[in-house]
1. Out of residues 5 or more away from VAL85 or on other chains, whose amide H comes under 5 Å of its own, with H placed 1.01 Å from N in the peptide plane?
2. I'd like to know which of SER259, TRP269, LEU236 lies farthest towards the positive end of the charge dipole of the range 225-279, counting +1 on Cβ of Lys and Arg and -1 on Cβ of Asp and Glu.
3. If a/c stays under 1.5 just call it rounded; otherwise compare a/b with b/c (prolate if a/b is bigger, oblate if not). Do that for the range 168-279, with a ≥ b ≥ c from the square roots of the Cα gyration tensor eigenvalues.
4. Using only the Cα atoms of the chain, build the gyration tensor, take square roots of its eigenvalues as a ≥ b ≥ c, and label the shape rounded, prolate or oblate: rounded if a/c is under 1.5, else prolate if a/b is larger than b/c, else oblate.
5. Along the range 161-174, what does the Karplus equation 6.51 cos²θ - 1.76 cosθ + 1.60 (θ = phi - 60°) give for ³J(HN,Hα), rounded to whole Hz, x for Gly and Pro?
6. Using DSSP, restrict attention to beta bridges with both residues in the range 162-273 and report what percent are antiparallel, rounded to the nearest 5.
7. Mean Kyte-Doolittle of at least -1.0 and a Cα length of 27 Å or more along the axis: which whole DSSP H helices of the chain meet both?
8. How much length, in nm to one decimal, is gained on full extension between ALA189 and GLU78, taken as 0.36 nm per residue of separation minus their Cα-Cα distance?
Amino acid sequence: MDDVSGRAAGKGRERTLDAVDLRTPNVARMYDYLLGGKDNYAADREAVEEVVRRAPDTPFVARENRAFLGRGVRFLAESGIRQFVDIGSGLPTQGNVHEIAHQIAPDARVVYADVDPIVLTHGRALLAGTPGVAVIQGDARRVEDILAHPELTKLIDLDQPVAVLMLAVLHFIDDADDPPGIVARLRSAMAPGSHLMISHVTADFDDDCRVREAGAVYEKATSQITLRARAEVERLFDGFDLVEPGLTTLSLWRPRPGSTVPFGAERQWCYAGVGRRSG
C-alpha cells in the first residue's frame with residue numbers, strides 16, 4: 001500500500017513529511033517492508049507485523065498488487081500506450097513501471113509522482129540518468145499540480161493517450177477529499193484512448209473483520225485507510241470503459257496463461273481494474 005499524502009485521512013489532522021520521522025509508521029516504507037525491501041525502519045516493521053498478526057495474508061496481497069501492476073503495464077504497453085504517470089508510486093522496488101514498459105516499448109516515457117520526500121530522494125537517486133523517466137513530488141489530492149509539473153510536461157503530452165496508475169492509493173484518501181472528483185479531474189485532462197489503472201482495498205469479504213482490524217493499525221501511520229465497497233470502487237471508473245475482465249480482485253485480473261489462480265481469489269480483499277477513456 002503506497003503513501004499518497006501526509007494528511008491523515010478522515011481525522012482532519014496534518015502530518016508534515018518534510019523531514020524523516022522515524023517514530024511514525026510511514027505507509028510507503030511499510031509497503032516496502034511487505035515486499036521484502038530494506039528502505040524501512042523499526043516503527044514501520046513493527047506496524048507491519050501488527051497488520052500481519054491481524055490479517056496474515058497481507059504480504060501475499062501486497063505481492064499480488066505488485067503482480068497486477070506488472071500485468072497491467074504490460075497490457076497497456078502492448079495496447080500501444082507509450083506514456084505512463086504513476087501517482088502514489090511509493091519507494092522504487094523490483095518491477096517498476098518503466099522497467100516493464102521498456103521491455104515492450106523502449107521509447108515509453110514514465111513519470112513517478114509521490115508526496116513523500118523519502119520516495120522522491122530514493123527514486124531520484126536510483127533513476128538518475130534513466131532516459132524517459134522522471135520522479136516528481138506531488139499530492140494525489142491535487143492532481144492538477146501533478147499534471148502541470150514542468151518535469152511531467154517535458155515528458156508527457158496530455159493531448160496523446162496516457163496511462164495513469166493509482167495502485168493502492170485511493171484508499172488512503174478520505175471521502176471528504178472526494179476520490180471520485182479527483183479521478184474526474186484526471187479524466188478531464190486525459191485524451192481519448194487514455195487508460196486508468198486502479199487497485200483499492202475493500203471489506204466486502206471481511207466476514208471475520210480481519211481487514212478492518214488490520215486497517216485500524218494505519219490510524220497511527222502517516223495515512224489512514226478508507227475501505228470501500230465494490231459500488232464505490234466502480235464509481236471511480238465513471239467515464240471510463242472497463243476492459244475485460246472488468247472490476248475484479250487482484251489475482252483474477254488477466255492472470256498469466258498457465259499460472260495458478262490462488263484459492264479464494266474471488267474473495268480477495270483488494271479490487272483491481274483498468275478503464276479506457278473512449279471520448
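1. Under 5 Å from the amide H of VAL85 lie the amide H atoms of VAL111, ALA163, VAL164, LEU165, each far enough along the sequence or on another chain.
2. Going by the charge dipole, the pick is SER259.
3. It is oblate, given that a/c is not under 1.5 and a/b is not larger than b/c.
4. Rounded.
5. x, 9, 9, 9, 9, 9, 8, 6, 10, 5, 6, 8, 10, 5
6. The antiparallel proportion sits near 55 percent.
7. What comes out of the filter, once short or polar helices are dropped, is 58-78.
8. Value of the extension gain: 37.7 nm.
Every number here is computed from the coordinates shown, using simple stated rules; none is lab data. These figures come from a predicted structure and were not determined experimentally. Quick reminder, even Gly has a Cβ in these numbers, built from the backbone with ideal geometry, and neighbours come from all protein chains shown.
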